[in-house]
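No lab work stands behind these numbers, since they all come straight from the coordinates. Note that the structure is predicted; figures quoted are calculated from it, not measured. Note: ideal-geometry Cβ built from the backbone for every residue, glycine included; neighbour counts use all protein chains shown.
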Amino acid sequence: MEQQDKIILIGAGNVAHHLAGTLLKAGENLCQIYSRTLDSARQLGMKTGISYTAEANEVYPDGDIYIFCVSDDVLPSIIKTIRMPDDALLLHTSGSQPMDVFKSYSQYYGVIYPIQTFSKKRELDFREIPLCVEGNTSSVKERIKKFAEKLSDKIYEIDSAQRKELHLAAVFACNFPNYLYQVAGKLLEDKGLSFAMLRPLIFETAHKVMLLNPEEAQTGPAKRGDESIMNMHKNMLKNDKDLLKIYTILSEGIKETQDKEETGDQKISQDTIDMPTLW
C-alpha cells in the first residue's frame, strides 16, 4: 500500500477551516494544524481531531506537504519561522503572492488557490469550488494538479500573472458588492427597515448573472438614463460625501457601458442598412 503524504496545515482561519475538513473527507493524512493564535489552532484542532500547536518550533519538521493558508501580508514572514525538509512540497492559497515566495525553502513548490469566499459559519461543497494550480516545474504542477483533483472537480492551470488578475476580479465581484450590501443595510436601518427586504432582490441579481452576461443583467436608473431619479438619490446622499461619490462613480460607469452598447447597436444597424443588395 502506498504511503500517504504527511500534510501540515499552516493557518486556522476561514480557508484553513474549510480545507482541513475537505482533506479529511478526501482521506488525506492531515497530521497537524499550526496557527500563531492558540484559540484558533485549538478550535480547528478540536473540530477535526487533529493535533494542533501555536508554537512555530513545534511544527512537525518531517512533513511531505505544507499548505500555508494565511493572509498575503504575513505569508513571507511565517515561512521563515517553520522548519521544513528541502524536499517537501510547499503550497500556499494566496490570490496575489507569487509562488516564488517559497524558492529559498524547497525544490518543490506552488499554489493551490480557491476561487471562493469562505466563512467558518457557512459550510460549502469544496468539490464545486474552482481551484487554480501552479507549480515551479511541469512535474511539480502535475503533482499539485493530481492532489487538487482529490479535493475539487474544477481544476484550472494558470500562471501567477493570471492569478493576480483573477484575484482583482474576485474583489470586484465579491468583496465590493458585500460592502455595498452593508451600505444598503445601513440606509434601511436608519429608516427602521429590515435588510431582509432586499434578500430576494440580491438573490435574483446573483441568479441572473449565472444565466446572462452582466451587461444583459444590468437594470436600474443609470441603465435607463433616468436623470431625475439619479438626481433625487444624489440629493438624498448630500450629507454623506463618501456615499455620494460612490453612487456617482458607479452610476457613471453603468451609463458609459450603456452608451457603448447603444453605439455598438447603432453601428450594427447602420451596417445592416448600408449593406448592398446581393440578390
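Helix 199-211 and the longest principal axis of the C-alpha atoms of the chain enclose an angle of approximately 80°. Straight-line reach from Lys255: taking Cα to Cα under 16 Å and skipping same-chain neighbours fewer than 8 places apart, the lysines in range are Lys223, Lys234, Lys245.
Spacing of the modelled spin labels on Met236 and Glu189, each 7 Å from Cα toward Cβ, amounts to 1.8 nm. Put a plus charge on the Cβ of each Lys and Arg, a minus charge on the Cβ of each Asp and Glu, and nothing anywhere else: the dipole of the range 1-59 about its Cα centre is then about 200 debye.
Which of the peptides 4-14, 111-121 is most tightly packed, and how do the rest follow, judged by the mean count of other Cβ atoms within 10 Å per residue?
Details: 4-14: 21.6, 111-121: 17.9.
Final packing ranking: 4-14, 111-121.
Mind checking the dipole of the range 6-158: about its Cα centre, +1 per Lys or Arg Cβ, -1 per Asp or Glu Cβ, Debye to the nearest 20?
Details: 18 positive and 19 negative charges, 66 e Å.
That gives the range 6-158 a dipole magnitude of about 320 debye.
Measuring how big the range 6-158 is from its alpha-carbon positions, Rg and Dmax come out at 14.0, 39 Å.
So if R0 is 41 Å, what FRET efficiency would Asp87 and Phe176 give, r being the distance between their Cβ atoms, rounded to the nearest 0.05? With R0 = 41 Å, the Cβ-Cβ based efficiency is 0.50. Modelled spin-label separation between Asn14 and Lys154, with each label point placed 7 Å from Cα along the Cα-to-Cβ direction: 1.7 nm. Which is farthest toward the positive dipole end of the range 163-272 among Asn239, Leu201, Leu166, measuring Cα position about the Cα centre, with Cβ charges +1 (Lys, Arg) and -1 (Asp, Glu)? Farthest towards the positive pole: Asn239. Calculated over the chain, the projected area of the Cα convex hull averaged across directions stands at 22.7 nm². Rounded to the nearest 10 degrees, the inclination of helix 38-48 to the longest alpha-carbon principal axis of the chain is 90 degrees.
Quick one: putting +1 on the C-beta of Lys and Arg, -1 on the C-beta of Asp and Glu, what dipole do you get for the chain around its Cα centre, in Debye to the nearest 20? Before the final figure, lay out the partial values.
Details: 33 positive and 40 negative charges, 180 e Å.
With only Lys, Arg, Asp and Glu charged at Cβ, the dipole is about 860 debye.
Peptides 36-47, 170-181, 63-74 ranked from most to least packed, by the mean per-residue count of other Cβ atoms within 10 Å: 63-74, 36-47, 170-181.
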